1. Using the Cα centre as the reference, give the magnitude of the dipole from point charges on the C-beta atoms of the protein assembly as shown (Lys, Arg: +1; Asp, Glu: -1; all else neutral), rounded to the nearest 20 debye.
2. Please compute, for peptide A:275-283, the average count of beta-carbon atoms on other protein chains lying within 10 Å of each residue's beta-carbon.
3. Using the Kirkwood formula over every pair of different C-alpha atoms, what hydrodynamic radius in Å results for the stretch A:223-328?
4. Restricting things to alpha carbons, find the Rg to Rh ratio for chain A using the Kirkwood radius for Rh.
5. Treating the Cα atoms of chain B as identical point scatterers in vacuum, please give the log10 of the normalised Debye intensity I(q)/I(0) at q = 0.06, 0.07, 0.15 Å⁻¹, two decimals.
6. Rounded to whole Å, give me the distance from the Cα center of the stretch A:101-139 to that of the stretch B:275-306.
7. Report relative contact order for chain B in percent, whole number only (criteria: Cα-Cα under 8 Å, sequence separation at least 6).
8. The stretch A:205-305: which trypsin sites (Lys or Arg not before Pro) are DSSP loop and have at most 12 other beta-carbon atoms within 10 angstrom?
Amino acid sequence: MKNNKSTPLIETIGLRKLFKLNGGARLHAVDGINLKIYPGETVGVVGESGCGKSTLGRTILRLIEPTSGQILYNGSDITKISAGKMREMRKDLQIIFQDPYSSIDPRKSVIDIIAEYMFIHKVYKNKIDTYNRAAELMDLVGLARRYSSSYAHELDGGRRQRIGIARALSLNPKFIVCDEPVSALDVSIQAQILNLLMDLEEELGLTYMFVTHNLSVVKHISTKIMVMYLGKCVEMASSDELFQNPMHPYTKALLKAIPEPDISKRDEEFALIKGEVSSPINVKPGCRFAKRCDFCFDRCIQEDPNLTEVSYEHFVSCFLVEKNKVEK
Amino acid sequence: MNELILDIDDLSVIYKTDLETVKAVNGINLKIGKGKTLGLVGETGAGKTTTALSILKLLPENTGKVTSGNVKFEGTNLLEMNEHEIREIRGGQIAMVFQDPMTSLNPVMTVGDQIAEAIIMHNEGLSKGEIEKRIDEKLTMVGILPSRKTEYPHQFSGGMKQRVVIAMALACEPKLLIADEPTTALDVTIQAQVLMMIKELRNRLGTSMLMITHDLGVVAKICDDVAVMYAGEIVEAGTVHDIFLGEDHHPYTEGLFGSIPNLSSRTKRLNSIPGLMPDPTNLPEGCIFAPRCKYCMDICIRVHPNTVFDETHSLKCHLFDGKLRRDKQEGKSEKQ
């Protein structure tokens, strides 16, 4: 794990996003997230659908305006800066979307899609330079140049996702939010894209925030992992630590629920979590996971657990862990 | 081998339009033993769903066409049945669970009525009370409170909807259940719940199953036999032991295993398979996997390989012609 204690590239302090619903109800999508992402790290954010992981990714880039809290980029707050300045910032902060079918303009050719951001930001003075750079980007992400005048519908999901990656890279960003970039792809194509993202990280010194529901993917690519449940971070640790020593009951259950391609574990029962994710609307105090937790006790439904550091750089938000610590 | 419930022999299916002919399934053989679960694995477009649809004669009428082969269900050829006969089978003896629970339920009918539909269809003369009793029974079986039968699909979550769909499929106690990616649209924790339930019900009711999936993890958990499908052909088939523990594999199977990020060990790079699946309107002349295969030899490009057998294990690859041991030792590290 990288322990470069310089300024984090991205830091969120108490970041919250509440969506107002009809009738004054509030949906707690992201609820007080403190996250530090250091240069060169890949932070994986995992959780089930509806846990707020995508909202978090978008809020960090201010594609969704946060309700409260701060987002620091290189130590300076970007939550209050003007739209014009934010636009400048966006050169450094990019996103790769989940669905390569709907995130690409169907009426533009591949080369135009990749060149679009460079035209918007007037990176080059003339068209030729811009298109040359776009063609270079195609080489970089492994798209054959013969596709430059094709349209998105002519290409398969893997190639489309490569366009999305080339586009995100076109402004030489420092930080990229990858929002489920491989979940719409087949396994063999998924492996190609994951390899590409990892190569690019090394070559270009990128920092990723990798949002996904797939734990094996996140383990493969991340240095640090944050597990989210209903808008809150329940556990955060380095990738190896989290998989070897999961502490929160939700993380444990999540890890056990993955069917592994290994028949020696065939007859092992899945550790099942009861029930389903409860509603994120007007949440009551208490641990969000309490309803589904096997170890739930009185305190869990009365107050919110805090994220505490149980061992070096390993944060857990659970009373059980706190309790055990005291008993020991 | 014990009694077969389903025996597919040399099945080929094409989709024909004015512009092109898509060879979706090309001469596949599949056998499912009574009470066994066969996992049909492959990527998008490999022809898995087409295979399932042709078993029940559900191919789109205008374009889909079976060009050769037999599908024998307990000895009778389903493909020769007329529409009336096959309707007796569908939902009664063979039931199907589709991938997307959100779209396979009728939004304007209560879930109770939807389950009743299947029961009434195949059991004429049941009294109203008996039908209600059966609905309750089926819902309880899949872990849904019977009191929720008067609710509509939109009032259920994704996992619950899939349970309803499974309850419908099992309503008439079919002998064979075809499950087409039943858990792909669900979250992992819900997927685990549904898989455990399917496994438990299958063992209790003795249903045979054809499980279509792209997830080798799911296969490892619940299947007895596995068939790996690629571009309309079965490239490798065998018991789960042959596929997960055996040494000899089709290069595509090897690639599939290499593509999955491993939870227990950390590798720097995934051994992805380069390239894409061939265009089914224009399949290669030789081995269908040759253009992506790292062991590709001259013969692979020219000659279509035959299937070689070793008891339960079968492979379709020139590397194993005449023998099931490979001479080259390279690439043996595909999985631990």
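1. On the way: 81 positive and 86 negative charges, 470 e Å.
In total the dipole reaches around 2260 debye.
2. Numbers: counts 5, 8, 5, 0, 0, 0, 0, 0, 0.
Mean inter-chain Cβ contacts per residue within 10 Å come to 2.
3. Details: mean 1/r = 0.0677 Å⁻¹.
After inverting the pairwise mean of 1/r, the radius is 14.8 Å.
4. Numbers: Rg = 20.9 Å, Rh = 21.1 Å.
Here the Rg-to-Rh quotient is 0.99.
5. The calculated log intensity ratios at q = 0.06, 0.07, 0.15 Å⁻¹ are -0.23, -0.31, -1.30.
6. So the two Cα centres are separated by 35 Å.
7. Working: 592 pairs, mean separation 63.7, N = 336.
Across chain B, relative contact order equals 19 percent.
8. Values: sites: A:Lys219, A:Lys224, A:Lys232, A:Lys252, A:Lys256, A:Lys265, A:Arg266, A:Lys274, A:Arg288, A:Lys291, A:Arg292, A:Arg299; in loops: A:Arg266, A:Lys274, A:Arg288.
Listed in order of number, the matching sites are A:Lys274.
Quick note: the coordinates plus some simple rules give every number you see, no bench work behind them. What you see is a predicted model, and the numbers here were worked out from it, not measured in a lab. Virtual Cβ from ideal backbone geometry, glycine too; neighbours counted across all protein chains shown.
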